[in-house]
1. For the stretch 50-76, what are the residues that are under 14 Å from residue 34 (Cβ atoms) and assigned to a loop (DSSP other than H, G, I, E, B)?
2. Looking at the stretch 42-72, which of its residues are touching a residue at least 12 places away in the same chain (Cβ under 8 Å) and open to solvent by less than 80 Å² (accessible area, probe 1.4 Å)?
3. Do the conditions hold for residue 38, that is, is it more than 20 Å from residue 69 (Cβ to Cβ) and assigned to a loop (DSSP other than H, G, I, E, B)?
4. Can you name every residue in the stretch 42-76 that is under 14 Å from the mean Cα position of the chain (by Cα), at pLDDT below 90 and not hydroxyl-bearing (Ser, Thr, Tyr)?
5. Just to verify a result, which residue in the stretch 25-41, among those that are open to solvent by less than 100 Å² (accessible area, probe 1.4 Å) and modelled with pLDDT of 80 or more, is farthest from residue 73 (Cα to Cα)?
6. Determine whether residue 20 is assigned to a helix (DSSP H, G or I) and either among the aromatic types (Phe, Trp, Tyr) or surrounded by 10 or more Cβ atoms within 10 Å (Cβ to Cβ) (or both).
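The values are calculated or read from the model by the stated rules, or taken from the named source; none is laboratory data. Note that this is a predicted model, so its numbers are computed, not measured. Cβ placement follows ideal geometry from the backbone for every residue including glycine, while neighbour counts extend to all protein chains displayed. Remember, those area values only see protein heavy atoms, side chains included, never the ligands or the DNA or RNA. Shrake-Rupley method; radii C 1.70, N 1.55, O 1.52, S 1.80 Å.
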Amino acid sequence: MAGGPENGLRGYLLTFMIAYTRDLAMQHYVAAESFETSVAWSSVSSLCTRVRARIVDEALKQGFSKEKVWCSFRVT
């Protein structure tokens, strides 16, 4: 199936938009990261709890206050 050149161009531009969004966020002292993993549905809650705790712990080590750390999760 041919997708056409328009879809390739959109993907290419999206790559640049992500970088510019990151640069804008960093100018306002916002840091963000994402990761992908696999886990059984029965372990999702535990995983989110442990990941949040690790993020907060590492942020505190870097000098952030706990009130400035925000975590969100999207599980599909």
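1. Scanning the stretch 50-76 gives 70, 71, 72, 73, 74, 75, 76.
2. So the first thing to find is which residues in the stretch 42-72 are touching a residue at least 12 places away in the same chain (Cβ under 8 Å), and the list is 44, 48, 51-52, 55-56, 69, 71.
Of everything in the stretch 42-72, those that are touching a residue at least 12 places away in the same chain (Cβ under 8 Å) and open to solvent by less than 80 Å² (accessible area, probe 1.4 Å) turn out to be 44, 48, 51, 55, 56, 69, 71.
3. Numbers: more than 20 Å from residue 69 (Cβ to Cβ): yes; assigned to a loop (DSSP other than H, G, I, E, B): yes.
Taking the combined requirement at face value, the residue satisfies it.
4. Going through the stretch 42-76, the residues under 14 Å from the mean Cα position of the chain (by Cα) turn out to be 48, 51-52, 55, 69-75.
Filter once more, keeping what is at pLDDT below 90: 69-75.
Of everything in the stretch 42-76, those that are under 14 Å from the mean Cα position of the chain (by Cα), at pLDDT below 90 and not hydroxyl-bearing (Ser, Thr, Tyr) turn out to be 69, 70, 71, 73, 74, 75.
5. To start, the set of residues in the stretch 25-41 that are open to solvent by less than 100 Å² (accessible area, probe 1.4 Å) comprises 25, 30-32, 34, 37, 39-40.
Narrowing further to those that are modelled with pLDDT of 80 or more: 25, 30, 37, 39-40.
Numbers: 25: 19, 30: 17, 37: 12, 39: 14, 40: 16 Å.
Applying the filter and picking the extreme gives 25.
6. On the way: assigned to a helix (DSSP H, G or I): yes; either among the aromatic types (Phe, Trp, Tyr) or surrounded by 10 or more Cβ atoms within 10 Å (Cβ to Cβ) (or both): yes.
When the stated conditions are applied, residue 20 passes them.
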